[in-house]
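*Asks:* Before I ask anything, here is the structure I am working with.
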Amino acid sequence: MQMKSNNFRVLLIDMPYSIKGTVGYDPVDDYYTIYINERYCQSQQLLTYFHELQHIEKEDFAKVNMDVGYLETIAH
């Protein structure tokens, strides 16, 4: 999959400290939103950003029958 720079955005939002970030996908518009917890320092935010980009690049959203916990385990 080739990522396009115009099909995702990044939002810094206030989330519980236990969540570093997440990504949402809109299949109708083929558009991703990466949500990053603003409570973390900039270096952790960057690590989270790249982690969420990996989910997009690996097409994890196409793996609908796979457990999210398992996806996170193999992502690390």
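*Asks:* Determine the equivalent ellipsoid of region 14-61 by diagonalising the alpha-carbon gyration tensor, then write out the semi-axes as square roots of 5 times the eigenvalues, largest first, rounded to whole Å. Before the final figure, lay out each step's value.
*Replies:* On the way: eigenvalues 87, 27, 12 Å².
Over the Cα atoms of region 14-61, the semi-axes work out to 21, 12, 8 Å.
*Asks:* Now for a different question. Using a 1.4 angstrom probe with every protein chain in place, what is the largest-first accessible-area order of 11, 47, 53? Let's see the in-between values first.
*Replies:* Working: 11 60, 47 115, 53 20 Å².
Heavy-atom accessible area, descending, gives 47, 11, 53.
*Asks:* Would you please give the FRET efficiency between residue 15 and residue 58, computed as 1/(1 + (r/R0)^6) with r the Cβ-Cβ distance and R0 = 22 Å, to the nearest 0.05?
*Replies:* On the way: r = 23 Å, r/R0 = 1.03.
Using R0 = 22 Å, I get an efficiency of 0.45.
The values are calculated or read from the model by the stated rules, or taken from the named source; none is laboratory data. Just so it is clear, the structure is predicted and the values come from calculations on it, not from any experiment. Here the Cβ is made from the backbone with ideal geometry for all residues, glycine too, and neighbour counts use every protein chain on show. Only protein heavy atoms, including side chains, enter the accessible area calculation; ligands, DNA and RNA are left aside. Shrake-Rupley method; radii C 1.70, N 1.55, O 1.52, S 1.80 Å.
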